[in-house]
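The values are calculated or read from the model by the stated rules, or taken from the named source; none is laboratory data. Because the structure is predicted, anything quoted here is derived from the model rather than measured. Ideal geometry is used to build each Cβ from the backbone, glycine not excepted, and the neighbour counts take in all protein chains shown.
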Amino acid sequence: MNRILAGIIFSLFISTGYISFLVHERQQELQTLSRYTDSWSAAQLVSEYYRFESWLGLYTFVDTMDLDDVRLRLDIMLSQSDLMKGGDLGHYIDSNKEHRELALQLQSTLEYLDVHLEKMNRSDIKEYLKVMHELDSPLSRLSSGALDKDVNSINNANHNIQTLYYIYSATSVLLIILSAILGVLIFYQNRNILKAHLQVKSLAEELQKSKEKLQIQNTKLEYDVYHDSLTEMNNRHFFWENLTKTIEVAKKDNQSVVVMLFDLDRFKEVNDTYGHDAGDILLRQISHRLESMSLASDTLYRLGGDEFAFLSSGLTESQAVSRAQKICEFINQPYTIYNTIINITTCVGIVISDTERRSDFLYKFADLALYEAKNEGSGKIKVFRQRMLDKLQESRTLEHDMAMAIVNKEFVVYYQPIVDSFSREIYSYEALIRWIHPLKGILSPDSFIPVAEKTGMINEMGKSVLEMACREAATWAVPAKISVNVSPVQLSSKAFAGVVLSILKDTGLPNERLELEVTESSLFTESTTPMNTLSKLRSLGVKISIDDFGTGYSSLSRLSRIAFDKIKIDKSFVHTLSTQEDAINIIKLITGMAKSLNMKAIAEGVETQEQLESLQALGCDFAQGYLFGKPQPYVASEIRNGYQEQFNCERLS
């Protein structure tokens, strides 16, 4: 019995020692299970890298995006890359030569951006993105490898714990026989082991779900980067990548590169008339038509708004134009949206180059051709010609010279008299701007006013002319009026009336001596600002004349609304007085209409005595032209000094 008891006690001692050994082994396996952070760290690193690439890509195409946002993402990425230098992920990377090289490449790429980001322009960043894209696949393999390693580690640990569980159970049965108290303890231990087993199993399932979710997100992210969200067509980013590839292939095969840009005509009218929802539906329907064409899937792109693009190579000019016409035919077919038939056309700009291999220049040339097509009207197709680039460069040079001319005060005012048709007394002077160009000499307004209006420099230019003319007129002893031309751009500004009144106050010129000449096109706009501005100025005594009457789209309703003081008959009618009976009838009609509206009529371009006599017979009140005087940088001394009431205007001719 003692031997049995001793044997039981000895067995209990051995079993207890063995249980201690099993508990130790279980703890080691549980610690193994807790070290699964390699895949999470790698996934975080790769995800942040893709997000940083997306921010860089957006920055190259969104002009309003701030570089500080990109810098913030770069700093986050730099902090994430520190994970590769230590910890479990660092040990995992050090254990593999390929992973060590990848870590060094990534660190070098980020350090380069950290040093040079603020010095790089958008084009440099776009080029550097190609270098960064080369790390996408290796980083994905790093993430997948870390995940596989952790999953294998968990599976092995799970298997080992199961084995320990069976051994532990058998030992527990023995200990239950030996001791009820020990059996209870073993029962609790078994329950704890079972809980750990379930936790490990649940953790493995969560890791698997995370892996699948990450793969789906990566696939969607890659699709979104290269496709337009509205039409699902290839987007601008994809266009630039494929343009670079097309150029490389064409260069290798010694072929031409063809870039076409399509811009919808009157698309804004669709948005304004039917709403932006209808505009979006129209764009989607257009994209479906383009995709239905028998063209390669990667040749058509939506660049944004109502602009589309086509890429190809090896086409002749006639083939390219034919292809553009075919695409336009698809686009130009009627659309039915909200039970309404909408017709729309498109203009096309084409560049075909066998020598130019710079993507940005090819796009620029196609855009210039598109701009010229849009200027010619709806549905036009234009192929790039060198003269288009020359014209652009000439315009840019003119813009630069004009900006410098404003600073250097190269713009001056010439004065041309307006006389009474019957007495030939000087009624007023018209202030005409001239540009004293340092190289080209005196330039007339026709050569620079359109550019000034386009760039907005007309506001400063017009203000300067108005101020010089008013200051000059304020010094005249004879109180003749001063007429100043006003651009539609100036009239569209709500501040223009305040500018005029301020100049009159500063120069001391009475409001009644100033006449503003406006064109008919200034009034025919959707905005009410021009009419309101003129009405306000006229109520304060400033005279208003409508210039070049008969060449625009004036209506009696608009003339009666503002009650102009004078109507200037365009010189084209005056020049044909002696040769075309229609010109006489038109002038007669205009002068009669002016009298019925209590306005005065002024004839421009009077050069002969015969023309003057005809105008007198037709009842024209005032005349202006070379017969009375050419534009001069000064006014008649008789007006300035006031010592002659009747002035023979023929002396000025």
(message) Looking for something among the hydroxyl-bearing types (Ser, Thr, Tyr) and modelled with pLDDT of 85 or more - is there at least one such residue anywhere in region 537-553?
(response) yes
(request) Kindly indicate which of LEU104, LEU110 is in contact with a helix residue (DSSP H, G or I) (Cβ under 6 Å, 6 or more places away or on another chain) and free of Cβ contacts under 8 Å to residues at least 60 places away in the same chain. (result) LEU110
(request) Starting from region 614-629, keep only residues that are acidic (Asp, Glu), then list their pairs with residues that are surrounded by fewer than 22 Cβ atoms within 10 Å (Cβ to Cβ) and not in a loop (DSSP other than H, G, I, E, B) whose Cβ atoms are within a distance under 7 Å, requiring at least 6 positions of separation or different chains. (result) ASP621/LYS600
(request) Restricting attention to region 198-211, report how many residues are out of contact with any Leu (no Cβ under 9 Å at 6 or more places or on another chain), under 11 Å from LEU147 (Cβ atoms) and of a type in the set (D, E, K, R). (result) 0
(message) I need the full set of residues from region 373-413 which are within 30 Å of SER637 (Cα to Cα) and surrounded by 19 or more Cβ atoms within 10 Å (Cβ to Cβ), in order please.
(response) ALA405, PHE411, VAL413
(request) Select from region 577-605 the residues that are modelled with pLDDT of 85 or more and not in a helix (DSSP H, G or I) and write down the one among them that is farthest from ARG424 (Cα to Cα). (result) ASN598
(message) under 30 Å from ILE154 (Cβ atoms), surrounded by 12 or more Cβ atoms within 10 Å (Cβ to Cβ) and not acidic (Asp, Glu): is that true of LEU230 in this structure?
(response) no
(request) Within region 414-424, track down each residue that is buried (at least 16 other Cβ atoms within 10 Å of the Cβ) and out of contact with any Pro (no Cβ under 8 Å at 6 or more places or on another chain). (result) PRO417, ILE418, VAL419, SER421, ARG424
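Each row is one residue, and each column tells you yes or no for (1) among the polar types (S, T, N, Q); (2) buried (at least 16 other Cβ atoms within 10 Å of the Cβ); (3) free of Cβ contacts under 8 Å to residues at least 24 places away in the same chain.
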| position | (1), (2), (3) |
| --- | --- |
| GLU127 | no, no, yes |
| MET132 | no, yes, no |
| ASP136 | no, no, no |
| LYS149 | no, yes, no |
| GLN162 | yes, no, no |
| ALA170 | no, no, yes |
(request) Please name all residue pairs, on different chains or six or more residues apart, with Cβ atoms under 9 Å, provided the first residue is in region 203-218 and is more than 13 Å from SER143 (Cα to Cα) and basic (Lys, Arg) and the second residue is at pLDDT below 80 and assigned to a helix (DSSP H, G or I). (result) none
(message) Name the single residue that is nearest to ILE639 (Cα to Cα) among those in region 507-531 being at pLDDT 90 or above, out of contact with any Leu (no Cβ under 7 Å at 6 or more places or on another chain) and part of a helix (DSSP H, G or I).
(response) ARG513
(request) Within region 486-506, track down each residue that is of a type in the set (Gly, Ala, Ser), outside any helix (DSSP H, G or I) and more than 28 Å from PRO417 (Cβ to Cβ). (result) SER492, SER493, ALA495
(request) Hey, can you tell me all the residues within region 100-151 that are in contact with an Asp or Glu (Cβ under 9 Å, 6 or more places away or on another chain) and among the charged types (D, E, K, R)? (result) ARG100, ASP114, ARG122, LYS130, ASP136, ARG141, LYS149, ASP150
(request) Answer yes if at least one residue in region 124-136 is more than 21 Å from GLU48 (Cα to Cα) and either modelled with pLDDT of 80 or more or assigned to a helix (DSSP H, G or I) (or both), and no otherwise. (result) yes
(message) Quick check on this structure: which one of GLU430, GLU453 is over 19 Å from GLN632 (Cα atoms) and crowded, with 16+ Cβ neighbours inside 10 Å?
(response) GLU453
(message) When the residues of region 582-638 are narrowed to those that are within 30 Å of GLU410 (Cβ to Cβ) and among the hydroxyl-bearing types (Ser, Thr, Tyr), which ends up surrounded by the most Cβ atoms within 10 Å (Cβ to Cβ)?
(response) TYR626
(message) Consider region 485-512. How many of its residues are touching a residue at least 24 places away in the same chain (Cβ under 8 Å) and more than 16 Å from PRO530 (Cα to Cα)?
(response) 9
(message) Which numbered condition in (1) modelled with pLDDT of 90 or more; (2) among the polar types (S, T, N, Q); (3) farther than 22 Å from GLU512 by Cα is the only one that SER428 fails?
(response) (3)
